[in-house]
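Since the structure comes first, as structure tokens, the remarks are kept for the end.
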């Protein structure tokens, strides 16, 4: 009886071992995901995201109910109900992608990017594209609108990560980067710029720059590319009247207080009215049609008015925590594709938050970029939560190493990509072995 019991237990242990070690085995993957789901990065990122989402839902309702009440086809809860629906869809994507093998996204990256190109073309087709306030950025789906530029941002990050992972040698020479790595992201940025949406185009290029930096590109090459992008963007600013007006309004908003400087001034009035602790949730005055886009681009102003400096600093701390979690995930990932994706997604989110906050406070020109997770916006919220789901999946698989084929490529590149006695290889700015 004892020997039979030992044999039975031995078989059970062996079966469990096979399930955990089998590549692609669903049972082993689930066990691994459950065992790692309590890791610090996973728990911390989920907590920060849910807190930001909760604050966003509350503040969207507070900032939008007055506007919705005075619109004949909407009620006070119109924006709140839609925001909750978008949040539920986004959370489903987030937790779904948290259990989806992120390495499989490599094969989907190019089709996803080309598909986003097709959607970006649709916004210019009359009857399909939806325009508002001089910008054509949405595809009309009947019951809702979809903003293709939000999907394009994530698609660009996945595409660049996939190419750099497959061809690390490209980081050695700026000329070799141009066509395979930079051409399609540049096309995406130009298409977004034509909508027009310069803010989103800028965040796309900033995310690509962050991924190249993490990959170990020479700083001289990165500076050259930055200068080229600035040279291309400058004519779009100088020869576009409303963009030039935003620049002048940023420098001195009171020079044209009724037109180009109006939104900045009202934002500063809201922030100043809040003082240290704010006037209380729901008690904002600026949301009564004084401050344009109070529930979307300028929601941080309403937070400052209702929750004061303490509330604004709380939001800043939460985004700082989000940046810490995202870059920590990139740092710990031993897989270069995961490292690039984590760095790109984190840079995408944080650059948007920084640009929005600086614009609201009058430190940068207004760009139309919403505050990630917090601002009202269906496509933006769903795509951002889906992106965080990919981060979570990378977080629970930090020890997943690169394929042998890729590692052989890196061994062939001994001597590095910087010259001058620097022996680091591409991908080594954030160490491939989890070391900075």
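Numbers at a glance
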quantity	calculated
Point-to-point label distance, residue 256-residue 190, nm (Cα→Cβ direction, 7 Å offset)	2.9
Length added when fully stretched, residue 166-residue 140, from 0.36 nm per residue minus Cα-Cα	5.7 nm
Percent of C-alpha pairs per 5 Å bin, segment 26-179, short to long	2, 7, 10, 13, 15, 16, 14, 11, 7, 4, 2, 0
Volume per residue that the Cα convex hull of segment 254-322 spans, once the total is divided by residue count, Å³	90
Contour excess over end-to-end distance, with Cα ends at residue 220 and residue 81 and 0.36 nm allotted per residue	45.1 nm
For segment 37-411, the fraction of alpha-carbon pairs in successive 20 Å shells from zero, as %	28, 59, 13, 0
Within segment 126-157, backbone nitrogen closer than 12 Å to the virtual label 7 Å beyond the Cα of residue 242 toward Cβ	131-137
Cα-based Kirkwood hydrodynamic radius, segment 205-302, one decimal, Å	16.4
Value of Rg to Rh for segment 93-197 (Rh from inverse mean 1/r over Cα pairs, i.e. Kirkwood)	1.04
For segment 184-262, the Rg and Dmax computed from alpha carbons only, in angstrom	15.3, 48
Gyration tensor verdict on segment 209-366 (Cα atoms; rounded if a/c is under 1.5, prolate if a/b is larger than b/c, oblate otherwise)	oblate
Gyration tensor (alpha-carbon) shape descriptor, segment 136-226, a/c threshold 1.5	prolate
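Bear in mind that the values in this text are calculations on the coordinates, not laboratory data. Bear in mind that the values here come from a model prediction, so they are computed numbers and not experimental data. Methodologically, a virtual Cβ is constructed for each residue, glycine included, from the backbone with ideal geometry; neighbour enumeration extends over all protein chains shown.
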